[in-house]
Protein chains: 2
Amino acid sequence: MKEQRSLAVVLFPEFELLDVFGPLEMFGALQGLVTIHTCAEKAGTVASAQGPQAVAEQDFRSAPACDLLLVPGGIGTRVEVENVALLDFLRRQSASAEVVMSVCTGAALLAAAGLLDGRRATTNKRVFAWVAAQGPRVRWVEQARWVEDGKFVTSSGVSAGMDMALAVISRLFGTALAEQIAFGTEYEWHRDPSWDPFARLNDLT
Amino acid sequence: MKEQRSLAVVLFPEFELLDVFGPLEMFGALQGLVTIHTCAEKAGTVASAQGPQAVAEQDFRSAPACDLLLVPGGIGTRVEVENVALLDFLRRQSASAEVVMSVCTGAALLAAAGLLDGRRATTNKRVFAWVAAQGPRVRWVEQARWVEDGKFVTSSGVSAGMDMALAVISRLFGTALAEQIAFGTEYEWHRDPSWDPFARLNDLT
């Protein structure tokens, strides 16, 4: 097992709070095993879709190549799918990353960067059609809590990011540690990637 | 129904990420109904226990009296239970607030401020004994996802804050809106305050 991994999380204006901080709660419990780098086009404060601001410690040019990449969604993705600097950053990080994760409409950013072409992926159920349109060559999965295809792990809406994070932690660091984190955060971890009661609410039907 | 409510969330060094951003994800969906104010002893960036930093827009002196107060936990509470400025802020805000909420070890701060004396309250199951010691006159509940006693609503560890937030939203704004937020965030809302599979893991036995 690799001793220490780095995780880059991408921030952009109007990112979804829980898409970022749900997974970071889980990965943040791995101090000594995972170092978190918050990254944005410009370093400094970035306002979420819900209002509260987070801090990007590094800009896209200064951020190191990381082992793990986390791409959140949020209403800001509607603008960011056209942001060349952000899409370039995703391509550059993904090339060398061990695991690339998206939450919710973060999959639209990976799709717009061409990174999901030919792969299976999922996303938020309420804006499924818009996300799918960003990647016509992606094999979109309509019912899944999260989908793993090679190094890419895409999760459904918002809360699904926490289940995905624990699944990735389980794979990288062992199930016992993932269980310990779920217990410590009093989180009812959904371990079955096909568990998806929200699929019936999607906007495709 | 009151048209617009203000919510103050207290930040301090080494706050727990999900204690803050889980509930703020839910309340943040109520734009136009709830305005969020992030508050700390000094305005500016505040580092979480997990590393990532958030921004406190207001300091304790400049923050307005708010309708709703959210007090997170985190390892930083071990220091903050002695912070007179913070405890004074909690007392001042609580005096006029409609609802005062804590997540996880945030209950230790409310208890240290004397605000829970004679009331029923709960907290994280893994450090229950330490929290209980901060409030010997509190009627601590060992098994509960969250506990409501008058204006005070205290929740269990970390993830429980999201269930509590939806319960409070349901009370203030109606169940339909709370359900809409749970669906929108693809969150499996635990609506039963007595649901607590983590109680068996507490450190009292």
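General remarks:
- Taking all protein chains as shown and a probe of 1.4 angstrom, B:R171 keeps an accessible surface of around 120 Å².
- When both bridge partners sit in the protein assembly as shown, DSSP labels roughly 30% of those beta bridges antiparallel.
- In the stretch B:140-162, burial by the other protein chains removes 40 Å² or more of accessible area from B:S159, compared with the chain on its own (1.4 Å probe, ligands and nucleic acids ignored).
- Site pair A:R191 and B:R92 shows an inter-label distance of 4.9 nm when each label is modelled 7 Å from Cα along Cα→Cβ.
- Each listed q (0.16, 0.25 Å⁻¹) maps to a log10 I(q)/I(0) for the stretch A:8-54 from the Debye sum over equal C-alpha point scatterers, namely -0.44, -0.93.
- Summed buried accessible surface, chains B and A, 1.4 Å probe, nearest 100 Å²: 3400
- For the stretch A:70-142, the set of trypsin sites (Lys or Arg not before Pro) satisfying both a DSSP loop assignment and a count of at most 16 other C-beta atoms within 10 Å is given as A:R137.
- What the phi angles of the stretch A:192-202 give under the Karplus curve with 6.51, -1.76 and 1.60, with θ = phi - 60°, is a coupling list of 8, x, 8, 5, 7, x, 8, 4, 5, 9, 6 Hz, glycine and proline written as x.
- For residues of A:193-199, the mean tally of beta carbons on other chains within 10 Å: 2
- Using the Cβ-Cβ distance between B:E3 and A:Q4 with R0 set to 45 Å, the FRET efficiency works out to roughly 0.30.
- Here the Karplus curve 6.51 cos²θ - 1.76 cosθ + 1.60, taken at θ = phi - 60°, turns the phi angles of the stretch B:22-38 into couplings of x, x, 5, 4, 6, 5, x, 6, 9, 5, x, 10, 9, 10, 9, 10, 8 Hz, with x standing for Gly and Pro.
- With the convex hull of the Cα atoms taken as the outline of the stretch B:99-205, the averaged projected area works out to 6.2 nm².
- Part-to-part distance (alpha-carbon centres) for the stretch A:96-111 and the stretch B:120-141, which is given in Å: 40
- Given +1 at the Cβ of Lys and Arg, -1 at the Cβ of Asp and Glu and no other charges, the dipole of chain A around its Cα centre is 480 debye to the nearest 20.
- For A:V84, inter-copy separations between label points set 7 Å beyond Cα along the Cβ vector come to 5.9 nm, shortest first.
- Cβ neighbours within 10 Å from other chains - mean over A:53-63: 3
- Rolling a 1.4 angstrom probe over the protein heavy atoms with all chains in place gives chain A an accessible area of 35 Å² per residue.
- Computed from phi, the 3J(HN,Hα) profile of the stretch B:77-87 under the Karplus parametrisation 6.51, -1.76, 1.60 (θ = phi - 60°) reads 4, 4, 8, 5, 4, 9, 8, 4, 4, 5, 5 Hz, with x in place of Gly and Pro.
- Each Cα pair under 8 Å and six or more residues apart adds its sequence gap; the mean of these over the residue count of chain B is a relative contact order of 19 percent.
- Amide H to amide H, with H built 1.01 Å from N, B:M101 comes under 5 Å of B:L69, B:L70, B:V71, B:V153, counting only residues 5 or more places away or on other chains.
- For B:A56, the residues whose modelled amide H falls within less than 5 Å of its own, excluding neighbours fewer than 5 places apart on the same chain, are B:G44, B:T45, B:V46.
- Cα-centre dipole for the protein assembly as shown with unit charges at Cβ (Lys and Arg positive, Asp and Glu negative), debye to 20: 160
- For chain A, diffusion coefficient by Stokes-Einstein and Kirkwood Rh (Cα), 4 °C, 1.567 mPa s, µm²/s: 78
- For the rotation carrying A onto B, the chain A residue whose Cβ lies nearest the axis, with the distance in whole Å, reads A:F21, 2.
- Maximal additional length on extending the B:A65-B:E142 stretch stands at 24.6 nm, based on 0.36 nm per residue less the C-alpha distance.
- Under 5 Å between amide hydrogens, built in the peptide plane, is the criterion, and for A:H37 it picks out A:L7, A:A8, A:V9 among residues at least 5 positions away or on other chains.
- Farthest towards the positive end of the charge dipole of the stretch A:14-71, among the residues A:L18, A:V34, A:Q58, is the Cα of A:Q58, using unit charges on the Cβ of Lys, Arg, Asp and Glu.
- Total charge dipole magnitude, the stretch B:134-205, about the Cα centre, Cβ charges on Lys, Arg, Asp, Glu only, Debye to nearest 20: 300
- C-alpha center-to-center spacing [the stretch A:168-205, the stretch B:7-46] in angstrom: 25
- Unit Cα scatterers, Debye sum, the protein assembly as shown: log10 I(q)/I(0) for q = 0.14 Å⁻¹: -1.21
- Label-point gap, in nm, between B:Q58 and B:A129 - each point 7 angstrom along Cα→Cβ: 4.0
- Here chain A is scanned for GluC sites (Glu not before Pro) in DSSP loops (not H, G, I, E, B) that have at most 12 other Cβ atoms within 10 Å, and the longest stretch holding none of them is A:83-205.
The values are calculated or read from the model by the stated rules, or taken from the named source; none is laboratory data. Every value quoted in this text rests on a predicted model; they were computed, and no experiment measured them. Backbone-built Cβ (ideal geometry, glycine too); neighbour counts: all protein chains shown. Note: areas computed on protein heavy atoms with side chains; ligands, DNA, RNA excluded. Shrake-Rupley method; radii C 1.70, N 1.55, O 1.52, S 1.80 Å.
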